[in-house]
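Written below as structure tokens is the structure these notes are about.
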Amino acid sequence: MSYPDRLLLRGACALLGDELRFEPAPLDVLIEGEYRGLADRYAAAEASSAPVIEAVAALYRRSLASAIPADTHRARL
């Protein structure tokens, strides 16, 4: 398995070989900020997909209510 030998963080070299070249505290702040921004975007995306999710759920419920005859061949399903 191969691993990257260098990592850039905001344009600066943060990892070179096995040597870390950054302080973890500022990285925590950066990750927290990105998480908060993405959390809002994911919540909005989930809310906007609610009609599609409901339509698929309705189709699923309808499929559960439909009887499939015992002589139905798998290819017809």
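The values are calculated or read from the model by the stated rules, or taken from the named source; none is laboratory data. Computed from a predicted structure; not experimentally measured. Cβ: placed from backbone, ideal geometry, glycine included. Neighbour counts: every protein chain shown. The protein model used for the area step is the full one, side chains on, heavy atoms only, and it has no ligands, DNA or RNA in it. Shrake-Rupley method; radii C 1.70, N 1.55, O 1.52, S 1.80 Å.
Annotation note: of 59, 30, 64, the sole residue that is touching a Leu at 6+ places or on another chain (Cβ under 9 Å) and in a helix (DSSP H, G or I) is 30.
Criterion applied to 6, 41 was being in contact with a strand residue (DSSP E or B) (Cβ under 9 Å, 6 or more places away or on another chain) and on the phi < 0 side of the Ramachandran plot, and the one residue passing it is 6. Against the test of being free of Cβ contacts under 8 Å to residues at least 60 places away in the same chain, open to solvent by 70 Å² or more (accessible area, probe 1.4 Å), out of contact with any helix residue (DSSP H, G or I) (no Cβ under 7 Å at 6 or more places or on another chain) and in a strand (DSSP E or B), the options 8, 15 yield a single qualifying residue, 8.
Cβ-Cβ below 8 Å, separation at least six or inter-chain, first residue in region 29-53 and closer than 22 Å to residue 10 by Cα, second exposed (fewer than 10 other Cβ atoms within 10 Å of the Cβ) and among the basic types (Lys, Arg): which pairs? From residues that are closer than 22 Å to residue 10 by Cα, the pairs are 30/10.
In region 45-54, is there at least one residue being under 16 Å from the mean Cα position of the chain (by Cα), surrounded by 10 or more Cβ atoms within 10 Å (Cβ to Cβ) and among the charged types (D, E, K, R)? The answer is yes, given that some residue of region 45-54 is under 16 Å from the mean Cα position of the chain (by Cα), surrounded by 10 or more Cβ atoms within 10 Å (Cβ to Cβ) and among the charged types (D, E, K, R).
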